[in-house]
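Enquirer: One structure coming up, written as structure tokens, with questions to follow.
The values are calculated or read from the model by the stated rules, or taken from the named source; none is laboratory data. Computed from a predicted structure; not experimentally measured. Methodologically, a virtual Cβ is constructed for each residue, glycine included, from the backbone with ideal geometry; neighbour enumeration extends over all protein chains shown. Surface accessibility is based on the protein's heavy atoms, side chains included, excluding ligands, DNA and RNA. Shrake-Rupley method; radii C 1.70, N 1.55, O 1.52, S 1.80 Å.
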Amino acid sequence: MKIYLIRHGIAQEKQPDIQDEERRLTKAGRQKTEKVAQRIKQMGLQFDVILTSPLVRAYQTAEILITAGLSTQLEESIYVAPNGNMEGWLNEWLEPKNYAQNSQIALVGHEPCLSNWAEIMLWGEVKHSLVLKKAGMIGIKLPEIGSPVGRSQMFWLASPKYLL
């Protein structure tokens, strides 16, 4: 199974009059994310499901991926929200779904959570070595059996500039 960790596009700056959860993609962020989504589509990627954080900027990013034809299924989950729980996602979302070994699942979320999740799957601990740029993507191949923690393989780390 392959997991694609995708960071939301460029969003509005933090402001006192806008709650963090409500920050939207900027016009430039939307345009860049649309270009990245089209490039991913041209590369032949297709996701069985896109799981997104409920925060507006992540949900908008996931909708762009859906519009580009990268999946027909979109689900919202608190697990990929800021400070989301990877163990909860594994035990309460991924395992019960019993996806096939050749499944490709996209998780649209936030930093540093996505990089931390990647590092936990790769090395079993957070080392603060990976950085996922806005609209960037990390690809992780999970082991066929057993826990993915410390046993997964990274096959892709791309910032948007390498996709455009």
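Enquirer: Could you tell me whether Ala58 is part of a helix (DSSP H, G or I), modelled with pLDDT of 95 or more, of a type in the set (A, V, I, L, M) and in contact with a strand residue (DSSP E or B) (Cβ under 7 Å, 6 or more places away or on another chain)?
Expert: yes
Enquirer: Still on this structure: Within the stretch 53-79, which residues are open to solvent by less than 40 Å² (accessible area, probe 1.4 Å), farther than 19 Å from Ile40 by Cα and β-branched (Val, Ile, Thr)?
Expert: Result: Val56, single match.
Enquirer: Could you tell me whether any residue of the stretch 33-50 is assigned to a strand (DSSP E or B), in contact with a helix residue (DSSP H, G or I) (Cβ under 9 Å, 6 or more places away or on another chain) and surrounded by fewer than 20 Cβ atoms within 10 Å (Cβ to Cβ)?
Expert: Yes, the conditions are met somewhere in the stretch 33-50.
Enquirer: As an exercise: evaluate Asn116 against (1) outside any loop (DSSP other than H, G, I, E, B); (2) among the polar types (S, T, N, Q); (3) closer than 26 Å to Glu34 by Cβ and give the number of the one condition it does not meet.
Expert: Tallying (1) outside any loop (DSSP other than H, G, I, E, B); (2) among the polar types (S, T, N, Q); (3) closer than 26 Å to Glu34 by Cβ, Asn116 fails exactly one: (3).
Enquirer: A further question on this structure: Give me the pairs: first residue in the stretch 84-105 and in contact (Cβ under 8 Å) with a residue 40 or more places away in the chain, second residue among the aliphatic types (A, V, I, L, M) and part of a helix (DSSP H, G or I), beta-carbon distance under 8 Å, and six or more apart or on different chains, which are they?
Expert: Cβ pairs passing all conditions: Ile105/Leu94.
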